[in-house]
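All remarks here apply to the structure that follows.
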Amino acid sequence: MERRDFVSNIGMTLALACVGGLAACSKGGGYGSSPDPAPGGPNAKLSLNLSTDLPNPGDFKIANGIILIRTGAGKTAADFAALSSTCTHQGCTVATFNNTTKLIECNAPCGHGSRFATSGAVNAGPAATPLTAYTITVSGNTLTVT
Ligand code: FES
């Protein structure tokens, strides 16, 4: 290999290494980068699309430590309830929302039968403390729990 070819090859190798290095650092995984914000904003615990998620009263979703229940037919914050899904008795994740009784149930195999209203209030023990309620905001078709 002649000197001129050698220098040209070294230059090309360095250029590719620099481009590759810049690309790796721009994907969000590099040192000092911040994670992408969650849908609904950086403080959102949960966010969903009202045109596709929880379409009917009585529908519910348990995710990110929250039980989100559609309590009404409208598209306002008052048509939903967002509560901690961690039972205040012994920390089990509540099992379900019973649309007949309108109560959140903490059932076996983990739970011990506590029942909570959609406000979070205890309806039946052994839990003695309400579930923590979260704030719901609705903007267009996006519901956000914070
Ligand atoms: S953990 Fe829920 S009733 Fe015991």
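Quick one: is Ser139 in the same structural domain as Asp53 (by TED's automatic domain parsing) and either over 27 Å from Leu50 (Cα atoms) or touching a residue at least 24 places away in the same chain (Cβ under 8 Å) (or both)? Here the answer is no, as Ser139 does not meet what is asked. Given the structure, is Lys45 of a type in the set (Lys, Arg) and either in contact with a Pro (Cβ under 7 Å, 6 or more places away or on another chain) or at pLDDT 95 or above (or both)? Judged against the criteria, Lys45 is not a match.
Here are some residues: Asn141, Asn99, Asn107, Asn123. Which one is over 21 Å from Gly72 (Cα atoms) and not β-branched (Val, Ile, Thr)?
Details: Asn141 fails: over 21 Å from Gly72 (Cα atoms); Asn99 fails: over 21 Å from Gly72 (Cα atoms); Asn123 fails: over 21 Å from Gly72 (Cα atoms).
Going through Asn141, Asn99, Asn107, Asn123 in turn, just one is over 21 Å from Gly72 (Cα atoms) and not β-branched (Val, Ile, Thr): Asn107.
Taking into account only those residues within region 120-138 that are part of a loop (DSSP other than H, G, I, E, B) and within 12 Å of Ile67 (Cα to Cα), which is farthest from the ligand (Cβ to nearest atom)? Give the derivation first.
We begin by selecting, within region 120-138, every residue part of a loop (DSSP other than H, G, I, E, B); these are 120-121, 125-132, 134-135.
Filter once more, keeping what is within 12 Å of Ile67 (Cα to Cα): 120, 131-132, 134.
On the way: Gly120: 13, Leu131: 10, Thr132: 14, Tyr134: 19 Å.
Among them, the one singled out is Tyr134.
Checked against (1) more than 9 Å from the ligand (Cβ to nearest atom); (2) assigned to a loop (DSSP other than H, G, I, E, B), Ala78 meets all criteria but (2).
Here's the yes/no breakdown for (1) more than 10 Å from the ligand (Cβ to nearest atom); (2) in a loop (DSSP other than H, G, I, E, B); (3) within 18 Å of Leu48 (Cβ to Cβ); (4) aromatic (Phe, Trp, Tyr):
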| position | (1), (2), (3), (4) |
| --- | --- |
| Leu68 | yes, no, yes, no |
| Gly74 | yes, yes, yes, no |
| Thr88 | no, yes, no, no |
| Thr100 | yes, yes, no, no |
| His112 | no, yes, no, no |
| Thr118 | yes, yes, yes, no |
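The values are calculated or read from the model by the stated rules, or taken from the named source; none is laboratory data. Note that the structure is predicted; figures quoted are calculated from it, not measured. Counting neighbours? That spans all protein chains shown, and the Cβs are built from the backbone with ideal geometry, glycine included.
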